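> Have a look at this one before I ask anything.
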Amino acid sequence: PGPRVPELLAQGLSFSFEFFPPRDEAGTVALWETLRSLERLQPTFVSVTYGAGGSTRDRTIGITRKIAVETTMVPMAHLTCVGHTREEMTQVVRDLAGAGIRNVLALRGDPEAGPGTPWVTAPGGLTYASQLVALVRRLGDFSVGVAAFPLGHREAATLDDDVAVLLAKQSAGAEFAITEMFFQASDYASLVERAHAAGVTIPIVPGIMPITSLRQVTRMAELSGREVPASVVSRIAEQEGDAEAVRRAGIAVASELCESLLSDGAPGLHFYTLNKSKATSEIYANLRLPVG
Ligand code: FAD
């Protein structure tokens with residue numbers, strides 16, 4: 001079996017990339033071009049998301065297996081509780097083990113009717129990510145990571161409740177956390193401070209989503225339930241009408257955020273790549289990170 005992510009995180013700054021399973025053949029070809037291109041940056045690990053209700057189950061397992069077998073990169077598979085019984089989740093974890101995957105990001109998932117609608121536990125299923133963490137840890141020698149939220153999860157009543165949940169995930173066996181996208185280094189610093197005060201000791205890796213189009217600003221707000229800060233929107237909107245200038249402004253904003261996070265002591269950076277290599281490669285170059 002390959003390395004465990006928590007051990008890689010303990011060795012020094014971690015740079016990781018996230019991908020989603022494509023729907024069609026063209027998307028698959030594009031994903032593999034991106035993976036091969038980003039492989040040159042020698043990421044610490046790469047992760048593959050899990051679609052709602054198990055819709056990507058076989059593709060998530062297939063892609064992580066192929067990354068493990070055919071590339072030099074360490075894969076991690078995401079898994080959610082959406083629409084699954086415990087038995088189904090157990091079977092997915094067994095399939096991952098069979099594919100040689102030992103790193104899992106355990107998530108509850110968003111409600112089936114969409115982010116922000118009420119959560120409904122599937123019959124025979126699980127209600128909280130912490131329960132999935134415990135299930136995966138019981139099933140074998142997996143490293144398990146979880147989600148964390150710099151501005152609090154949209155369903156959490158208070159920020160204290162939100163970090164109590166992160167602590168519960170740690171107690172259930174989570175060994176690291178990756179955050180939702182955010183745009184101000186101070187939001188990450190506040191999460192880390194709250195988490196430490198609550199007794200969280202696992203590394204919390206900030207998640208970075210470079211904005212490369214104006215449409216993405218709206219989409220991000222819909223997904224997280226949080227507005228992109230006005231200061232960020234205005235820097236990008238100033239370039240409206242010039243797609244390349246919009247992209248450059250987005251990369252500059254993300255690069256500055258990454259610099260602040262690293263100088264504030266973040267254990268690494270996790271990039272939401274959207275299956276493209278360009279933005280991540282450009283931020284890497286701006287940060288003068290070692291390549292190859
Ligand atoms: P939980 O930790 O279970 O929290 C969900 C809600 O329940 C929170 O409001 C929490 O405060 C509350 N809660 C938890 N435990 C308790 C308790 N004991 N008592 C009371 N309230 C409680 N989604 C996908 O579908 N596929 C993916 O691959 C995917 N990858 C992601 C990767 C990252 C890095 C991140 C940050 C998110 C990802 N998501 C993914 C989205 C995620 O599934 C949603 O944000 C989801 O709404 C919350 O998941 P969670 O694991 O944080 O849930």
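Read-outs throughout are calculated quantities, based only on the coordinates presented, and are distinct from any laboratory measurement. What you see is a predicted model; the values in this text were computed from it and never measured. Here Cβ is always computed from backbone atoms with ideal geometry, including for glycine, and neighbour counts include all displayed protein chains.
> Assuming a ≥ b ≥ c are the square roots of the Cα gyration tensor eigenvalues, decide whether the chain counts as rounded (a/c under 1.5), prolate (otherwise, with a/b larger than b/c) or oblate.
Working: a/c = 1.40, a/b = 1.21, b/c = 1.16.
In terms of gyration-tensor shape, rounded.
> How about the range 228-283: which GluC sites (Glu not before Pro) there lie in a loop by DSSP and see at most 15 other Cβ atoms within 10 Å? Could you put the intermediate results ahead of the total?
Details: sites: 238, 240, 244, 256, 259, 282; in loops: 238, 240.
Taking the range 228-283 and a limit of 15 other Cβ atoms within 10 Å, the loop GluC sites (Glu not before Pro) found are 238, 240.
> Let me ask something else about it. Quick test of the membrane-span-like rule: which DSSP H helices of the chain reach at least 24 Å along their long axis (C-alpha atoms) with mean Kyte hydropathy at least -0.5? Working shown, then result.
Values: long enough: 243-263 (30 Å, 0.64).
Going by DSSP H runs, the hits are 243-263.
> How high is the FRET efficiency from residue 141 to residue 274, r the C-beta distance, R0 30 Å, rounded to 0.05? List each step's numbers first, then the result.
Numbers: r = 32 Å, r/R0 = 1.05.
For residue 141 and residue 274, the calculated efficiency is 0.40.
> Still on this structure: Report the gain in length on full extension from residue 87 to residue 221: 0.36 nm times residue separation, minus Cα-Cα distance, nm rounded to one decimal. It would help to have the intermediate numbers written out before the result.
Details: separation 134, 0.36 × 134 = 48.24 nm, distance 3.42 nm.
Length gained between residue 87 and residue 221: 44.8 nm.
> Still on this structure: What's the magnitude of the charge dipole for the chain around its Cα centre, counting Lys and Arg as +1 and Asp and Glu as -1 at the beta-carbon? Answer in Debye, nearest 20.
Numbers: 26 positive and 32 negative charges, 133 e Å.
Roughly 640 debye for the chain.
> Compactness ratio of the range 1-55: Cα Rg over 2.2 N^0.38 Å, N = residue count? Numbers along the way, then the final one.
Numbers: Rg = 13.4 Å, N = 55, 2.2 N^0.38 = 10.1 Å.
The reported ratio for this selection is 1.33.
> Additional query: Would you calculate the convex hull of the Cα atoms in the range 167-263 and tell me its volume per residue in Å³? Each step should come with its number before you reach the end.
Numbers: hull volume 9.6 nm³, N = 97.
So the per-residue hull volume is 99 Å³.
> Along the three principal axes, how long is the range 163-204 when you take its alpha carbons, biggest first, rounded to the nearest angstrom?
Principal-axis extents of the Cα atoms in the range 163-204, largest first: 29, 19, 14 Å.
> Please report, in whole Å, how far the alpha carbons of the range 34-163 spread along each principal axis, starting with the longest.
For the range 34-163, the Cα extents along the three principal axes come out at 43, 32, 26 Å.
> Would you mind pulling out the separation of the Cα centroids of the range 107-139 and the range 8-63, in Å?
22 Å
> Based on the Cα gyration tensor of the range 26-91, what are the three equivalent ellipsoid semi-axes, each the root of five times an eigenvalue, rounded to whole Å and given largest first? The partial results should precede the final answer.
On the way: eigenvalues 121, 32, 17 Å².
Largest first, the range 26-91 gives 25, 13, 9 Å.
> Related question: Distance in nm between label sites at residue 159 and residue 193, each 7 Å beyond Cα in the beta-carbon direction?
0.8 nm
> In debye, nearest 20, what is the charge dipole magnitude of the range 24-67 about its Cα centre with +1 on Lys and Arg Cβ and -1 on Asp and Glu Cβ, if you could check? Don't skip to the end; give the middle numbers.
Details: 6 positive and 5 negative charges, 37 e Å.
Here the size comes out at about 180 debye.
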